[in-house]
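Undergrad: If you scroll down you'll find the structure; I have some questions about it.
All of the numbers you see were taken from the coordinates with simple rules; none came from a lab. Worth saying up front: this structure is predicted, and the values here are computed from it rather than measured. Glycine also receives a Cβ, built like all others from the backbone with ideal geometry; neighbour counts cover every protein chain displayed.
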Amino acid sequence: MYGSVFRDELFAGQTILVTGGGSGIGRCTAHELARLGAMVIVAGRRAERLDATAAEIVADGGRAATAVFDIRDEDAVAGSIAELLAAHGPICGLVNNAGGQYPAPLAEIGRKGWDAVVASNLTGGFLVARELYNQCMAADGGAIVNMLADMWNGMPGMGHSGAARAGMLNFTESAAVEWAASGVRVNAVAPGYIASSGMDHYDPAFARAMMPRCAAATPLKRMGEEAEVAAAIVFLLCPAAAYITGGCIKIDGGSSLASGLFGLADHDRSTPFRGFHRAAPPRAAQGLDRND
């Protein structure tokens, strides 16, 4: 059972949509929300991954459903949201987690690649949030959590993703103001270096080489856990965050504050929170100390 720090049945009677719920942080977050009593809808483009996540949740005693659609397809988003509302009733929470990118220097990114990453990490999230707001939350209220990244000092090597994530922060702030009168809170989380299965999308040699470097560049001297991101998302969705909107929680072990001007002391004093009982470390971590 998921080792959540939140009280049982915190989201009982609520339906929450998690995009990108078939793997990584989305899968972990869906498990925690279900553990806390929510009816979780996991959405994405690949039915087999979504079905696997939903089956895990049901096996653990939770409730889950799936929705297969491409967040970049405006008509598909509008239609899918309508179908979900008809099938499950009001959706009170959205975890706008779906996205993706690939490493490349700016000079080598073509228009097609740029547009694809911006669509995945900015436009798609906007479309899902807009449709859910217009079709449900404008009348019923709710909470939205958008996914960013550690893009505060630029994202050299992934500039397309950095630009999109920065745009998502501004969208978060704008929506928080515009939608407040409808009882909708909009916040964001910005994970840093997370030992997530999402790393398996990168070249294994690249990911394996980067993991120790990521840990070394972080004041807490380790990579983060999927459960540590999920916990922040769950907090922003829950009633304890009722006076928080337009904000962004950095979940990066302090990496966004490490300028390089001052050295970082080596230590092993940071204890990870490993609440996800079904966590699957990335393949690149095999054979490595998870705190490296």
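Undergrad: From Cα pairs below 8 angstrom and at least 6 apart in sequence, can you work out the relative contact order of the chain, rounded to a whole percent?
TA: 19 percent
Undergrad: Now for a separate question. Considering only DSSP states other than H, G, I, E and B, which GluC sites (Glu not before Pro) in region 1-107 qualify as loop sites with at most 15 other Cβ atoms within 10 Å?
TA: Working: sites: Glu9, Glu32, Glu48, Glu56, Glu74, Glu83; in loops: Glu9.
Sites meeting the loop and neighbour criteria: Glu9.
Undergrad: Measure nothing but the geometry: give the 0 to 90° angle between the long axis through the Cα atoms of 74-88 and the longest principal axis through the Cα atoms of the chain, rounded to 10°.
TA: Roughly 60 degrees, rounded to the nearest 10.
Undergrad: Please list the non-local residues whose amide H lies under 5 Å from the amide H of Ala188, H modeled 1.01 Å from N, same-chain partners needing a gap of 5 or more.
TA: Asn146, Gly247, Cys248, Ile249
Undergrad: Among Ser174, Ser255, which comes first, then next, by fewest other beta-carbon atoms within 10 Å?
TA: Numbers: Ser174 12, Ser255 21.
Least to most surrounded, the residues fall as Ser174, Ser255.
Undergrad: Next question. Rank the residues Met137, Met210 as a footprinting-exposure proxy: fewest other Cβ atoms within 10 Å of their Cβ go first.
TA: Fewest-to-most ranking of Met137, Met210: Met210, Met137.
Undergrad: Follow-up. Averaging the inverse of every distinct alpha carbon separation and then flipping it gives the Kirkwood radius. What is it for region 1-102, in angstrom units?
TA: One over the average 1/r among Cα pairs gives 13.5 Å for region 1-102.
Undergrad: Also, quick follow-up: Rounded to a whole number, what is D in µm²/s for region 50-174 from Stokes-Einstein with the Kirkwood radius over alpha-carbon pairs (37 °C, 0.692 mPa s)?
TA: Approximately 207 µm²/s, per Stokes-Einstein.
Undergrad: Let me know the volume per residue of the alpha-carbon convex hull for region 159-227, in Å³.
TA: Measuring per residue, one finds 128 Å³ for the Cα hull of region 159-227.
Undergrad: Moving on. Calculate the spin-label point distance for Asn153 paired with Asp203, positioning each point 7 Å from the Cα along the beta-carbon direction, and give it in nanometres.
TA: 2.5 nm
Undergrad: Can you give the alpha-carbon Rg of the chain over 2.2 N^0.38 Å, where N counts its residues?
TA: Working: Rg = 18.2 Å, N = 292, 2.2 N^0.38 = 19.0 Å.
Relative to the 2.2 N^0.38 Å estimate, the chain comes out at 0.96.
Undergrad: Sticking with this one: Which of Arg35, Arg269, Arg27 comes first, and how do the rest follow, when ranked by fewest Cβ neighbours within 10 Å?
TA: Arg269, Arg35, Arg27
Undergrad: Right, something else. Considering the convex hull of the alpha carbon atoms of region 108-263, report its projected area averaged over all viewing directions, in nm², one decimal.
TA: Mean shadow area of the hull around the Cα atoms is 10.5 nm².
Undergrad: Need the full-extension length gain, Ser270 to Ala217, defined as separation in residues times 0.36 nm minus the C-alpha distance. One decimal, nm.
TA: Answer, rounded to one decimal: 17.7 nm.
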